Amino acid sequence: MFIFFKKYLNNLKSIQAVVIAIILINIGINLIQPILIKNLIDMYSSGSLQIILVILFCIALTLLLTLELITGIIRDYFINKIRYTLQVRLRNDIYKHSLNTLSKDSSGKVISLIYNDVDAVVGLMNIAVISLITDSITLILTMVILFYLNWKLAVISLVFFPIYYTLYRTSKRKIYNLNMDYKTKLEDLTEMLQIGTRQKWLAMRFNRQIYSNLLFHKEQKKVIEISKPLLLQQSILSGLSNFLTGILPVTFIIIGGYLLVAEQLTLGTLIAFCTYIVKMLQPISRLTQLNVHIQSALSSARRIFTFLQKKDNWQGTKQFKSFRDRITFQNVDFSYDNSNLVLSDLSFDIQKNQMVSFVGESGSGKTTILRLLSGEHQALRGSVFYDQRDIYTWSKKSFFNKVSIVKQEEEIVPGTIFQNIAFGYKTATIDQVIHVAKIVGLHDFILQLPKQYDTFIYPDKIDLSVGQKQRLAIARAIIRETEILIFDEITSALDAETEQYIIKLINSLKGKYTIINVAHKLQNVINSDKVFVMDKGKIMEVGTHSELLQKGSLYKNIYFKQQNALTEASSHYLKVK
């Protein structure tokens, strides 16, 4: 896992070398100061101190402190540069991986990885540099100096290290596991926050703000509950560490005072020794508590590593230059949970430039077929072929250059209307955009806007109706070199007039594209070359609209049921009027 993350520090070796060099200089400056003070005090005690030496000492100390300040600023600048670069590279990779793979991970998990986990891993960079490098070297050099000053006191100081190590070992696994649980719950909370923000108008329309708040607070309470044992463990470790570091200098002042009275060491040596002990306290404390940060960062690193290691099933390289023949479903089984089949042994063909429709009751498997046709999901058994080749053997990029999907709730991209229509066609000209806008009936509306095609639109602050959004989505689909159009119940949320306009628009594209349509209302599939009637994951009937009315039973029943419902609704409207 560490080798995996090492690649994110490529091209930063020179900066890392500068940082390490500055750290070594800082350590040297920091450790030489007590020796100067020792010599000054010992010369004063022996009566050999001269005023010139005091002046030189003050100058030397001032220069050392100034140098320490300057090198510290340079060190922090380069460390932050490394951290920022690592942060950007990790976030970019996670985001690109979530876009480029058929990931089933929730958006909440991806957001949590990008912000919470990346920050934890990048934070370890700073901790690792300061604690693992600076503090470790400082401790080793300080111990050497302590033995040089007084080996007896130095031996006593070694007694404390096994105690610190025991604290580290006992807390390591527990803190790591608690951090993993905490971050999983935090991920759920992020998902709930995202859903709640997206559905704020739904809550407001139904006066259910309190209910939405309760759902959020319920998830938040779970995060708080799981954080309590983690905080307790961290507090115990921190408290014990601080207690031990507090006892350490007191112990040496008592023992050192006894040796001073016994004339076994000088006052300068005692002060220098205690100064070095105090200098050791912060590194020891940081190294002990470093375990808390390391386990938190390791759990985040593990989550990022696991996410980025997920293989993309779509690894094909064959260029899908044009659609020549047919789409084939061959004995396809599919399940969302690998147990309950949504589609069972499904087989059918769609010829080039045919317009086919899938109809059936809700839950019959219509939309699932479209997800398999677009490669969004992979068949449990069987295969989906385009021109006699498995869908996943085609290059993903070239495949989506020829296949366009328009969904029931199409997304608006933050940008101008021009950018939204040309979203999948980077080299589109204004004439091409205007041409497709005229085809879908948006041009006149756009001309009425203040900035026309340069009007900026936002996903959450938008003046387009549902019908206009669908027209924009169709324009976005057909402006490219698309040969296959897939429509997923795009008229289900439209009023009758707009619905008929969209149906006429789709019918006008017949013969120019291979059109695959999922529809709920059977009156919208009348012009289809082939209609597949679905029920419980199987194709029950196949034919044209007229053929199915003559020989079909399931299709005929659904059709007349819908017609009767429409007639009753019209009669009721006329009576009320």
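Quick note: the coordinates plus some simple rules give every number you see, no bench work behind them. Since the model is a prediction, treat every value here as computed from it, not as a measurement. So basically every Cβ, Gly included, is an ideal-geometry build from the backbone, and we count neighbours across all protein chains shown.
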How would E68, E499, E263, E481 line up from fewest to most surrounding beta-carbon atoms within 10 angstrom?
E263, E481, E68, E499
Describe numerically, in nm with one decimal, the distance between label points set 7 Å from Cα along Cα→Cβ at V155 and at I15.
4.9 nm
What nm value, rounded to one decimal, do you get for the distance between D325 and V278 when each label is placed 7 Å out toward the C-beta?
8.5 nm
Once the piece of chain linking K551 and F348 is laid out straight, how much longer is it, given 0.36 nm per residue of separation minus the C-alpha distance between them?
71.1 nm
Along the Cα-to-Cβ line of R381, 7 Å from the Cα, sits a label point; which residues in the stretch 325-341 have backbone N less than 14 Å from it?
330-335, 338-341
